Amino acid sequence: MKSVYGMTFNALENYFVEHGDKKFRATQLYEWLYQKKVTSFSEMTNLKKEVIALLEQDFSMEPLQLLKIERDKDVNKYLFELEDKEHIEAVLMLHDYGNSICISTQVGCNMGCHFCESGRLKKVRNLDASEMVRQILSVEQDLGKRISHVVLMGIGEPFDNYDQVVSLIEIINHDKGLAIGSRHITVSTCGIIPKIEAFMKLPYQVNLAISLHAPNDQLRSQLMPINKVYPLAQLFPVLKEYIAQTNRRLTFEYILLDGVNDTPDCAKELAQLLRGINGYVNLIPYNETNHLEWKRSKSETITQFYDILKKEKISVTIRREFGSKISAACGQLRSKKEDEA
Ligand code: SAH
């Protein structure tokens, strides 16, 4: 049965109208689902019995099944089992500015980035919007506090699941729903150009992060096969267009891999590439995984890389590290689970 958590506000309004009811039922239903957060239709006491019966017949309110939680000081990792027994994960990070969740958008991933654990397991299927919304609801329930920020940086490539990702944004951003401000939502992509073009036309002020990881095509193609399809010379004009159209600042993610993309020359080339672009670089210390050979850059190298970018007047931060102890980043918990099976 279809999950009610995958329904956008507009789709619900249409649903009620089609069933001879009033549009404002959608407001009532959203308030129950996302503000009062009840777990069954029968608790929705301002709805008539017939309406409840109709909803029960058409929609499910099942939460995701939570298999495992790994907890650390300021980070928790959640492993979920979906109805078809597939596994996905979400990570909760407690920042001083709020509680942020990193959610998965697909089961596995087809982008095949060589350093990434999620790609090692290949895409099984897309998640639907409800499966993304329900990651947020489950984690929020476990936390007992509001989640204020959502990043789409878990397993999967969001722009390889574009329509459901846009529905997700619509649902969680809606002011009658979780009301997560669009500036508190970040979509991360490896650079699927047609979808970046579509995304810039949407009316949302959502943040966009580009997984760059290399300053030139030769190196980027070695790390990320997608670069052979959408090389930098095609990507960058579109990114400039994105910035011009949306007036928003881009984030460039750059993982530092020991001896691969962390040399002073790479830093200078990166500065050159980003010169004059309204964006900033987020340097990510690589999370090593058991299955892959890549090593994280030494901390002196990370500092040196950072200093060069600073000197070149490129805005740059080093990502604060969360939970490398708890097999934290990027598909590692799911991958561990598949190993056990
Ligand atoms: N597919 C999207 C979003 C998911 S990956 C994308 O490519 O942006 C989220 C980020 O984590 C990407 O920048 C990805 O390259 C990075 N990443 C993957 N494996 C990692 C690892 N082991 N350590 C640190 N970052 C990693």
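The values are calculated or read from the model by the stated rules, or taken from the named source; none is laboratory data. Only a predicted model underlies this, so the values are computations on that prediction, with no experimental measurement involved. Backbone-built Cβ (ideal geometry, glycine too); neighbour counts: all protein chains shown. These accessible areas exclude ligands, DNA and RNA; they are computed on the full protein's heavy atoms, side chains included. Shrake-Rupley method; radii C 1.70, N 1.55, O 1.52, S 1.80 Å.
Brief remarks on what is shown
- Low-density loop positions, GluC sites (Glu not before Pro), the range 74-140 - DSSP coil, at most 14 other Cβ in 10 Å: GLU83
- Residue order by solvent-accessible surface for TRP294, TRP32 is TRP294, TRP32, largest first, with ligands and nucleic acids left out and a 1.4 Å probe.
- Quarter the surface of the alpha carbon convex hull of the range 177-229 and you get the mean projected area, 4.5 square nanometres.
- The calculated 222 nm mean residue ellipticity attributable to helices in the chain amounts to -10500 deg cm²/dmol, summing -39500 (n - 2.57) over DSSP H runs of n ≥ 4 and dividing by all residues.
- Residue-span extension gain [ASP265 to GLU50] - 0.36 nm each, minus C-alpha spacing: 70.6 nm
- Environment charge of ALA209, counting only residues whose C-beta is closer than 12 Å and scoring Lys/Arg +1, Asp/Glu -1: +2
- Relative compactness, the range 7-57, computed as alpha-carbon Rg over 2.2 N^0.38 Å: 1.03
- GNM remark for the chain: springs join alpha carbons under 10 Å apart, and the peak mean-square fluctuation among ARG320, ARG183, ARG249 falls on ARG320.
- Beta bridges by DSSP in the chain, antiparallel share as percent, to the nearest 5: 45
- Average silhouette area of the range 134-182, convex hull of alpha-carbon atoms, in square nanometres: 3.6
- Ranked packing of 203-215, 43-55, most packed first, by mean Cβ within 10 Å: 203-215, 43-55
- Value of Rg to Rh for the range 82-169, rounded to two decimals, is 0.97; Kirkwood radius and Rg both from alpha-carbon coordinates.
- Shape call, the chain: gyration tensor on alpha carbons, a/c limit 1.5: prolate
- The chain: most fluctuating residue of ASP262, ASP84, ASP58 per GNM, C-alpha cutoff 10 Å: ASP84
- Of LYS195/LYS228; LYS122/LYS298; LYS23/LYS48; LYS201/LYS228; LYS77/LYS176; LYS228/LYS313, pairs whose Cα-Cα distance is over 19 Å: LYS122/LYS298; LYS201/LYS228; LYS77/LYS176; LYS228/LYS313
- Ranking by accessible area, most exposed first, for ARG248, ARG120, ARG71, ARG220 with a 1.4 Å probe: ARG71, ARG120, ARG248, ARG220
- Taking the chain and dividing mean pair separation by its residue count, relative contact order in percent (alpha carbons under 8 Å, at least six apart): 15
- Accessible area per residue (1.4 Å probe, heavy atoms of protein chains only) ranks ILE226, ILE318 as ILE318, ILE226, with the largest value leading.
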